[in-house]
Amino acid sequence: SNKAKYPYLASLNAAQVKAVTSSPEIPLQILAGPGSGKTRVLTSRVAYLVQHHDFRPYEIVAVTFTNKASREMKKRLQSLLGEKQADNLVLGTFHATCAKYLRRYAQLIDIPNNFIIADAEDCKKIMSTLLKARKESLEASRIALKEGAVLSEISKAKAKEESPDQMAIRAAQDPSSSTSTLAVIAELYAEYEANLRESNSLDFDDLLVFGLRLFRTAPRILDSCRHILVDEFQDTNITQYELMKCFAKAHGGVSVVGDPDQSIYGWRSAEIENLNKMTSDFPGVQAIYLEENYRSTGSILSAAHAVVSQDRERIPKNLFTSHPRSTPATLKVFSTPVIEASFIAWEIKRLIAYSGGTLNYGDFAILLRYNALSRVIESTLQKDSIPNRIVGGHKFFERMEVKDLLAYLQLADNPDFTPAFVRVVNVPKRSIGDKSVSDILNAAKSAKISPMELCERIIDGEPLPSGLKAGIKRNLGTFVGAVRKLRRAAEKGSSVADLIRLVIEKTGYEEYLRASQQDFDSRWENVQELISYSVIVSEEQARIAGGVQEEDDGFMPANSAAVEAIVNRAQVEEKLKSEGQFHPLFRRQSSAGESSRSRSRSASVSLPPKGKVNRTSNSRRRSSKEDGVIEILDSDEEVDAKPKIEVEDVKPRVKTAVTDGLVDDLANATESMTPLAFFLQTSMLSTDTDGGEDDKEKPKVTITTVHAAKGLEWPVVFIPAVEQGTYPSYRCVEAHEIAEERRLLYVAMTRAQNFLTMSYCQFRMMGGEENDKETSEFVAMVQRHQPGLLSTNLPDVDLAVRRYISTMLARPHPDEDEAKEMIMKHVRAAPPMSTWDAPEPRDKYSNRFARREVTKATRAAEYWA
Ligand code: ATP
Ligand code: MG
C-alpha cells in the first residue's frame with residue numbers, strides 16, 4: 001500500500017525500501033558498495049520523511065559531498081516533491097550549509113555576517129606574504145616552507161578543530177626533530193587567522209569551524225532540524241562529524257550512507273573512524289546493507305573488484321549485479337599522452353557514431369588523477385571540436401579576468417577584504433608599484449584600518465602616510481572613485497550584471513585587456529560569461545526570495561537586542577578568548593562600528609508578533625498547508641522541552657524557510673541579502689569542488705578529477721594515465737597512502753556504466769622531464785592474476801587509429817581529410833564487433849547497432865566533415 005502511495009518505493013529493492021522507510025527516530029547507517037543506490041535511498045528517504053512522516057521540508061538537512069551532487073539531489077526531489085517543497089529543504093555541502101547559517105547568525109559569535117569567503121588563491125596570497133615577511137628568520141633557522149604545505153597543515157588543524165595555540169602546544173610537546181617547523185607553522189597559523197579576520201573573511205575550513213562554534217554557542221538555531229542526512233559519510237572529517245552531531249542534537253534524527261572502500265579524502269583529514277564513532281555516539285544505530293549494484297556491467301564490476309580487493313585490510317563486502325557481463329574493461333597502452341588523447345577523442349566520436357543516436361557527448365567522462373593531466377586532453381578535444389567541460393579544475397573562477405572583476409565586486413561589498421584590494425589596486429595599471437602597495441598596507445596596519453579605508457581617507461584629504469609620494473594620490477583617485485561608484489550602485493540594489501559593466505566602464509578594463517593580453521577574445525568571452533552567470537544567479541535569488549516573501553512574519557529574532565539575549569555575550573567572549581580565538585576586530589566590526597550594511601540586514605527581520613503563534617499540543621502542525629514554507633514551532637511546549645541556553649525572557653521561535661543548495665537560505669535571508677552579496681557567496685562556494693554552472697543545453701564530455709567524480713556515473717568512462725607514479729601517485733609512499741590510491745582507482749572505475757577504458761603511456765613528461773612509464777601496479781596485478789578481466793587486445797578498429805596517428809606523426813602538417821578518409825576505409829573494412837553485444841536489459845548498445853556499423857561509420861565521416 002505504501003508502494004502504491006509513493007511510487008518511488010516501487011522502483012527500489014527490499015533492502016532499499018527497508019532503509020527508506022525505517023523509523024526516523026532510529027539512527028541509520030547504510031554501508032554499501034558503489035552503485036548500490038545509497039544516494040538514491042537517501043534522496044527517497046527525504047521524500048518519504050516529508051510525505052509519510054509529515055516533516056516540513058526545512059526540518060530536513062541533507063548534506064552531499066559536492067555542490068554538483070546537491071544540485072542533482074535537488075533536481076530529483078523537485079520531481080518527487082514539487083519545486084516548492086524541494087526549494088525549502090536545507091540541501092548542500094557542509095560548507096554551503098554552514099555558510100547559510102553564518103550569513104544569518106554570524107554576529108552571535110562576533111563575526112560580521114557580511115564576511116567574504118576567501119578562495120584557495122586568496123589564501124595562498126596571504127600565506128606567501130606572511131612567508132616573505134619571515135624569509136630571513138626562516139633561512140637562518142634553515143626551515144624551508146612553501147605556502148601550500150603550510151596551508152595544508154593549517155587545514156588539517158582546522159579539520160580537527162585545533163587552534164593556533166593548541167598547535168603551538170603540540171609543537172612544544174612533540175619531541176621529534178620537526179618540532180621547530182611545527183612551531184613556526186603554529187605562528188604562521190595565528191598570523192594567518194588574524195589576517196583573515198582583519199580582512200573580514202573566512203576560508204573554506206573556517207566555514208566549518210565557525211559553523212560549529214555557532215551551533216555550539218546557540219544550539220537553538222538548529223531546533224528546527226529534525227533530521228540530518230549525510231551522503232558519502234566515509235569522507236567526513238572530525239569537524240564535519242561534529243557538525244552532524246549538532247544537527248542531530250535537537251531531535252536525534254540521523255541517516256548516513258557511505259562506503260569505506262571509497263574513502264579517498266584521507267589526505268584532507270577525512271576520518272574513516274567516524275563510522276565507528278557513530279555507533280557509540282548514537283546508540284541503537286541500525287545498519288542496513290545494500291548488495292546489488294545497478295550501475296555497471298558485470299565485467300566492469302569484476303575488474304573494479306579485482307583492484308579493490310588487493311587491499312588485505314579491507315573488510316570484504318558483497319556486491320553483485322544482474323547486468324550481464326559484456327564488453328570487458330579495457331586497458332590500452334600508447335606511446336605518448338598526445339596519442340592517448342587522440343585515441344580518446346577518436347573513440348568518443350566513434351562510439352557516438354556507432355550508437356545510432358543513443359549516446360551523446362554528455363554520456364562521456366574522462367577521469368584524471370591530477371588536474372594537470374587535463375591540458376593535453378582538453379586541447380585535443382578542442383582541436384577535434386568535441387564539446388567538453390572541465391569540472392573540479394576551478395577553471396572559470398581562476399581566470400585572471402574573472403578574478404579581477406570579482407575582486408572589484410568584493411571590495412564594493414566589503415572594503416575590508418584585503419586580498420581583493422591587493423589584487424586590483426593597480427589593475428588596470430595605475431602606476432601604483434609594489435613598494436607603494438606595501439607602504440599602504442603597512443600604514444593601514446598601524447592605523448588599524450583596512451587599506452581600502454586608508455585610501456579613501458587619503459582621497460578625502462587626510463595627510464599621506466610617510467613614504468608615499470604625493471603623485472600617488474592622483475593614481476589612487478581613479479581606483480577609489482571606481483570602488484565608491486560601485487559601492488553606491490550596489491547599495492542601490494543594482495543588478496550584478498550592471499555592476500560588472502560598471503567596473504569595466506569605470507576602470508577601462510576592456511581597453512586594458514585588449515592592450516595587455518594576447519588572447520583578448522577568449523578573455524572577453526569569460527567576462528561575458530561572468531555577466532551571464534550573474535544573471536542566472538540573480539534569477540535564482542529572485543525565485544527563492546519570491547517563494548518566501550509573503551510569509552515574513554515572526555522569525556528567529558535577528559535584531560540585535562534579541563540576538564544579544566539568545567547568548568550570553570560575555571560568556572561567548574570569555575570562551576573565545578580562552579580558546580585564543582577572540583579577535584578584537586570582530587568586536588569592531590560587529591558591535592562598535594557596526595556597518596550600515598549589517599545593520600540594515602539585521603533590521604529586515606523582526607521579532608515574532610505575539611499571539612500569532614500557532615499553538616498545538618505536542619505535534620507540529622502546518623500553519624498553512626499549501627505554502628509548505630513556514631512553520632512556527634510551538635514555543636512553549638516544544639522549545640521548553642529541550643535543553644536550553646540561559647535566556648531570561650526571549651524564547652525565539654525558530655522558523656526556517658529554506659532554499660537551494662548554494663544559497664543563503666534561512667527564512668528570508670536570501671531576500672534580505674543584497675544581490676551582490678548573494679552573487680559573491682554563490683560564486684565563491686562554486687570554486688571549491690566544482691566549476692560554475694553547467695551550460696545545460698549542450699551535452700559535453702566531462703573532464704574531471706576522480707575526487708570530484710565521486711558519486712557520479714556515466715555510460716562511458718576513460719581513465720588515462722593508469723601508470724606507476726599516477727596510480728599510485730609518486731607522492732604516496734606509506735602503506736595507508738597507497739591503499740587510498742587504490743581506492744581512488746576503484747572509485748574511478750566504478751563510475752562507468754557500460755564502457756570502461758583505462759590507458760597508459762610509455763612516456764610522459766613529469767616536472768619537465770620525459771619519463772619511462774609502467775602500467776599501474778594495481779592493474780598490473782589484475783593482468784597477472786586475472787588476465788581475463790581486462791581486455792588488452794587491440795580491436796581491428798584500433799589499427800585504423802594507429803595508422804591515423806602514425807600518419808599524423810609522420811607528417812608535421814598532415815592532410816587531415818586524407819587521414820580521416822583512410823581511417824574510414826579501415827573502419828568500413830573492419831568486421832562487426834561481437835563485443836558490442838548489449839548488456840541486457842539496457843538495450844542501449846544492442847547488436848543491431850553493431851550490424852549497422854557501416855552506416856554509422858559513414859555518419860562518423862559526416863561528423864568530421
Ligand atoms: P556511489 O557509491 O558511487 O555514490 P550509490 O550507492 O550512491 O553509488 P546511486 O548513485 O544511488 O548509488 O545509484 C546508482 C545507479 O543505480 C543510479 O543510476 C540509480 O538510479 C540506480 N539505481 C539504484 N537503485 C536502483 C533500483 N532499485 N533499481 C534500478 N536502478 C537503481
Ligand atoms: Mg552515491
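The values are calculated or read from the model by the stated rules, or taken from the named source; none is laboratory data. Predicted model, so just to flag it, every value in this text is computed and none were measured. Here the Cβ is made from the backbone with ideal geometry for all residues, glycine too, and neighbour counts use every protein chain on show.
Some observations on this one:
- Here the condition is being crowded, with 18+ Cβ neighbours inside 10 Å and away from ligand 1 (no atom under 16 Å from the Cβ); of GLN29, GLN85, it holds for GLN85 alone.
- Residue count for the stretch 33-60, restricted to those that are free of Cβ contacts under 8 Å to residues at least 60 places away in the same chain, away from ligand 1 (no atom under 16 Å from the Cβ) and among the aliphatic types (A, V, I, L, M): 1.
- Cβ-Cβ distances below 6 Å connect the following pairs, each with a first residue in the stretch 255-271 that is in contact (Cβ under 8 Å) with a residue 24 or more places away in the chain and among the aromatic types (Phe, Trp, Tyr), a second residue that is in a helix (DSSP H, G or I) and within 12 Å of ligand 1 (Cβ to nearest atom), and a separation of six or more residues or different chains: TYR265/ASP235.
- Only residues that are farther than 30 Å from ALA735 by Cα and either surrounded by 21 or more Cβ atoms within 10 Å (Cβ to Cβ) or aromatic (Phe, Trp, Tyr) (or both) were counted in the stretch 311-326, giving 2.
- Members of the stretch 706-740 that are outside any strand (DSSP E or B), of a type in the set (D, E, K, R) and crowded, with 22+ Cβ neighbours inside 10 Å: LYS710
- Only a single criterion out of (1) more than 16 Å from ligand 2 (Cβ to nearest atom); (2) modelled with pLDDT of 95 or more; (3) over 27 Å from THR321 (Cα atoms) is not satisfied by LYS84, namely (2).
- Where a residue in the stretch 746-764 is over 21 Å from MET781 (Cα atoms) and its partner, wherever it lies, is within 11 Å of ligand 1 (Cβ to nearest atom) and in a strand (DSSP E or B), with Cβ under 6 Å and at least six apart: GLN753/PRO715; ASN754/PRO715
- Any chance ASP281 is charged (D, E, K, R), more than 16 Å from ligand 2 (Cβ to nearest atom) and at pLDDT 90 or above: yes
- Any hit, the stretch 229-244, residues being aliphatic (A, V, I, L, M) and either over 30 Å from ALA287 (Cβ atoms) or within 16 Å of ligand 1 (Cβ to nearest atom) (or both): yes
- Residues located in the stretch 256-278, provided they are away from ligand 1 (no atom under 16 Å from the Cβ) and buried (at least 17 other Cβ atoms within 10 Å of the Cβ): GLY266, SER269, GLU271, ASN274, MET278
- Cβ-Cβ under 9 Å pairs, at least 6 apart or on other chains, the stretch 311-329 side in contact (Cβ under 8 Å) with a residue 12 or more places away in the chain, far side basic (Lys, Arg) and part of a loop (DSSP other than H, G, I, E, B): THR321/ARG295; HIS323/ARG295; HIS323/ARG842
Rundown of residues vs (1) under 30 Å from SER322 (Cα atoms); (2) surrounded by 23 or more Cβ atoms within 10 Å (Cβ to Cβ), yes/no style:
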site	(1), (2)
ASP203	no, no
LEU208	no, yes
ARG220	no, no
VAL230	yes, yes
CYS246	no, no
VAL254	no, yes
SER280	no, no
LEU290	yes, yes
ASN293	yes, yes
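- Options ALA120, ALA106: the member that is surrounded by fewer than 21 Cβ atoms within 10 Å (Cβ to Cβ), of a type in the set (A, V, I, L, M) and closer than 30 Å to ASN195 by Cα: ALA120
- Within the stretch 499-546, the set of residues being charged (D, E, K, R) and at pLDDT below 85 comprises ASP519, ASP521, ARG523, GLU525, GLU529, GLU539, GLU540, ARG543.
- Taking the criterion of being within 10 Å of ligand 1 (Cβ to nearest atom) and within 11 Å of VAL41 (Cβ to Cβ), the residues of the stretch 10-20 that qualify are LEU12, ASN13, ALA15, GLN16, VAL17.
- Count of residues meeting criterion [more than 25 Å from ILE738 (Cβ to Cβ) and within 16 Å of ligand 2 (Cβ to nearest atom)] in the stretch 294-312: 2
- Which listed residue is at pLDDT below 90, touching a Leu at 6+ places or on another chain (Cβ under 7 Å) and more than 29 Å from SER44 (Cβ to Cβ), from GLU191, GLU198: GLU198
- Unique residue being closer than 23 Å to GLY37 by Cα and modelled with pLDDT under 95 when the list is LEU301, LEU222, LEU229: LEU301
- First in the stretch 504-519 and touching a residue at least 12 places away in the same chain (Cβ under 8 Å), second anywhere and among the polar types (S, T, N, Q), Cβ under 9 Å, 6 or more apart: LYS506/THR478; THR507/THR478; GLY508/THR478
- Meets criteria (crowded, with 24+ Cβ neighbours inside 10 Å, more than 30 Å from VAL307 (Cα to Cα) and more than 13 Å from ligand 1 (Cβ to nearest atom)) for ASN2: no
- Residue within the stretch 37-53 that is among the aromatic types (Phe, Trp, Tyr) and within 21 Å of the chain's Cα centre (by Cα) present: no
- Odd one out for HIS251 among (1) over 17 Å from LEU208 (Cβ atoms); (2) under 19 Å from the mean Cα position of the chain (by Cα); (3) modelled with pLDDT under 90: (2)
- In the stretch 326-342, the condition of being aromatic (Phe, Trp, Tyr) and within 31 Å of the chain's Cα centre (by Cα) is met by no residue.
- Filter result (touching a residue at least 60 places away in the same chain (Cβ under 8 Å) and not in a helix (DSSP H, G or I)) within the stretch 345-357: SER355, GLY356
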